[in-house]
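Laboratory data are not the source of any read-out in this text; all were calculated from the coordinates shown. For clarity, every value in this text was computed on a predicted model and none was experimentally measured. Glycine also receives a Cβ, built like all others from the backbone with ideal geometry; neighbour counts cover every protein chain displayed.
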Amino acid sequence: MTSLQTRLGSLSTERIQGIRRGIEKESLRALPTGGLALTPHPAALGSALTHPKITTDFSESQVELITGVHSDAESCLAELTEIHQFTYRSLRDVGNGAGNEMLWVSSMPCGLPTDETIPLARFGSSNVGRAKSVYRMGLGHRYGRRMQTISGIHCNWSLPGVTSEEYFALIRNFRRHAFLLMTLFGASPAVCSSFVEGRQHDLQTLAEFTRYMPYATSLRMGRLGYQSDAQSSLAVSYNSLEGYGASLQDALTRSYPAYEAIGIQNPGGDYNQLGTTLLQIENEFYGTIRPKRVIHPGERPLHALRERGVEYVEVRLMDLDPFVPVGITAATTRFIDVFLLHCLMSDSPPDSPQEIAALARNQHKTAARGREPGLMLERNSGEVALTDWGLEVIGQCVPIAAAMDSALGGTLYADAVAAAMRSMQNPDTLPSARVLAAMDADFNNSFVGFVREQSAKTQAHLLALPFSADQQARYVAMTQHSIAEQKRIEASDSMLFEAYRQNYVSPQRLGV
């Protein structure tokens with residue numbers, strides 16, 4: 001690890017202080033019964049199209065809360081808490097009968113209705129709004145709507161002075177070591193049986209309406225989650241921006257027979273999807289981490305990356321922690337800081353199709369069996385125990401945490417790494433194990449019963465926190481501005497939607 005130590009020595013205090021992070025958190029709106037709320041996105045939360053902090057993800061019932069960019073974990077989580085407070089108050093105060101709704105605190109969904117009953121998110125009548133809804137219609141046709149109701153936390157992260165080449169080196173190492181984050185922070189070992197009704201699966205029956213895997217860490221990141229036969233045919237390389245761009249370009253422009261059969265429009269003229277290509281748009285590509293760039297209005301993400309390079313990475317494999325009011329702790333975000341620096345500072349050889357396939361197998365093993373004693377993962381054409389490999393990586397994070405604490409003061413980063421070490425050595429303390437233990441102790445092994453209770457506790461906790469008149473006024477103003485902005489966009493449209501769609505999915509807009 002000499003190279004890691006050498007690179008760490010070149011990491012200045014100013015660069016460490018320049019780390020920036022933000023959080024995007026998805027949650028389903030659920031009823032007190034533990035079923036999915038089928039009401040529209042509450043008007044009190046503003047326009048899902050234009051609100052900077054509160055939107056929807058796949059479903060009209062799936063709220064997404066978005067922080068700004070922050071220089072420390074505390075301020076990031078303080079903003080996330082504030083957004084939650086306004087959201088809960090709006091759910092309580094709405095006059096459409098949804099006043100008893102709460103945010104579901106697990107990544108795996110609440111009790112779900114039939115697939116076609118799950119409401120797609122709606123973004124108004126503008127071309128950009130319609131395109132967002134048609135994209136989601138396509139996701140429903142391609143993968144089923146139930147799969148899309150899985151929720152997670154996405155962590156956006158950047159460090160000053162990192163080139164695109166270095167970000168891709170980070171991404172390669174992140175993918176190699178992603179099993180560690182899934183093991184430490186995975187919190188979805190069980191699901192409601194409604195999620196897998198009519199589907200093939202390997203889950204075991206724990207109770208009448210609960211399915212699980214006894215050693216699972218994150219079923220969300222396993223075969224039940226964001227997986228598809230079509231995407232499994234993609235061996236996207238992260239060896240360079242050019243290679244990554246070429247892989248995505250191919251998937252965004254290559255027609256896929258199963259999606260051709262669905263068609264772009266049905267005979268009545270309603271849209272089924274944005275296109276028949278393997279990916280409709282860039283965001284359809286599911287990965288544990290993504291290279292990202294802030295885009296200009298109307299710009300394609302791939303074009304932005306090719307034109308201006310990688311600006312930050314988006315970590316996409318974090319489960320909601322049901323024991324934590326906003327789903328993630330400051331200690332967890334600090335461990336992610338250290339982990340990403342480890343990925344950046346360590347040697348990162350090029351990936352290969354063989355390694356990419358092995359990493360996929362490691363991910364599935366960890367998701368389904370990560371706490372299984374003696375579980376082996378693939379590494380360098382051999383095998384290594386998950387626990388040994390995980391402890392090795394955490395050990396390498398110790399000097400990085402020391403450098404962080406030296407630059408920022410205190411011992412919070414060392415504490416976060418020490419906590420991870422203890423968790424790895426005591427698998428019964430991991431969130432996935434704690435979820436199963438809590439279900440067994442107090443809820444007759446009912447997944448819905450446990451999460452419903454945790455969701456109600458979370459709702460009560462966040463509603464009881466102080467929320468000033470100034471805070472309320474600021475969020476109400478954001479809501480009103482977002483509604484006005486959506487109306488402005490709708491009034492300014494002059495192009496027919498079909499022309500807009502064809503232009504947006506045109507290969508020419510992907511850059512070269």
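For Lys457, go through the lysines and keep the ones whose alpha-carbon is under 28 Å away, minus same-chain ones fewer than eight residues off.
Straight-line reach from Lys457, under 28 Å: Lys25, Lys53.
Could you give me the ³J(HN,Hα) list for segment 379-395, computed from phi with Karplus coefficients 6.51, -1.76, 1.60 and θ = phi - 60°, whole Hz, x at Gly and Pro?
My calculation for segment 379-395 gives 8, 6, 6, x, 10, 9, 5, 3, 4, 4, 5, x, 5, 4, 5, 4, x Hz in order.
State the answer as a single residue: which of Val324, Leu302, Val313 lies farthest towards the positive end of the charge dipole of segment 297-340, with beta carbon charges of +1 for Lys and Arg and -1 for Asp and Glu, about the Cα centre.
Of the options given, the answer is Leu302.
Let a ≥ b ≥ c be the square roots of the eigenvalues of the Cα gyration tensor of segment 157-265; is it rounded (a/c under 1.5), or, if not, prolate (a/b larger than b/c) or oblate?
Oblate, because a/c is 1.5 or more while a/b does not exceed b/c.
Near the amide H of Leu206, under 5 Å away, which other amide H atoms are found, from residues 5 or more places off or on another chain, if H is placed in the peptide plane?
Under 5 Å from the amide H of Leu206 lie the amide H atoms of Arg211, Tyr212, each far enough along the sequence or on another chain.
Can you work out ³J(HN,Hα) from phi for every residue in segment 79-89, in order, using Karplus 6.51 cos²θ - 1.76 cosθ + 1.60 and θ = phi - 60°, giving whole Hz and x for Gly and Pro?
The phi angles translate into 5, 4, 5, 4, 4, 4, 4, 5, 4, 4, 5 Hz.
Looking at the square roots a ≥ b ≥ c of the eigenvalues of the Cα gyration tensor of segment 310-415, which shape do they give, rounded for a/c under 1.5, prolate if a/b is larger than b/c, or oblate?
It is prolate, given that a/c is not under 1.5 and a/b is the larger ratio.
Non-local amide H neighbours of Ser59 (under 5 Å, H modeled in plane, Pro and chain starts lacking H): which ones?
Ala121
Per residue of segment 103-114, what does 6.51 cos²θ - 1.76 cosθ + 1.60 with θ = phi - 60° give for ³J(HN,Hα)? Whole Hz please, x for Gly and Pro, Karplus curve as stated.
8, 6, 9, 10, 5, 7, x, 6, x, 10, x, 4
Cα gyration tensor of segment 399-439, axes a ≥ b ≥ c as square roots of the eigenvalues: rounded (a/c below 1.5), prolate (a/b > b/c) or oblate?
Prolate is the answer for segment 399-439, as a/c is 1.5 or above and a/b outweighs b/c.
With a Förster radius of 35 Å, plug the Cβ-Cβ distance of Ala261 and Ser352 into 1/(1 + (r/R0)^6) and report the FRET value to the nearest 0.05.
Step by step, r from the Cβ atoms, then E = 0.55.
Which entry in (1) 0.97; (2) 1.07; (3) 0.94 is this structure's computed Rg/Rh (Cα atoms, Kirkwood Rh)?
Computed from the coordinates, Rg/Rh (Cα atoms, Kirkwood Rh) corresponds to (3).
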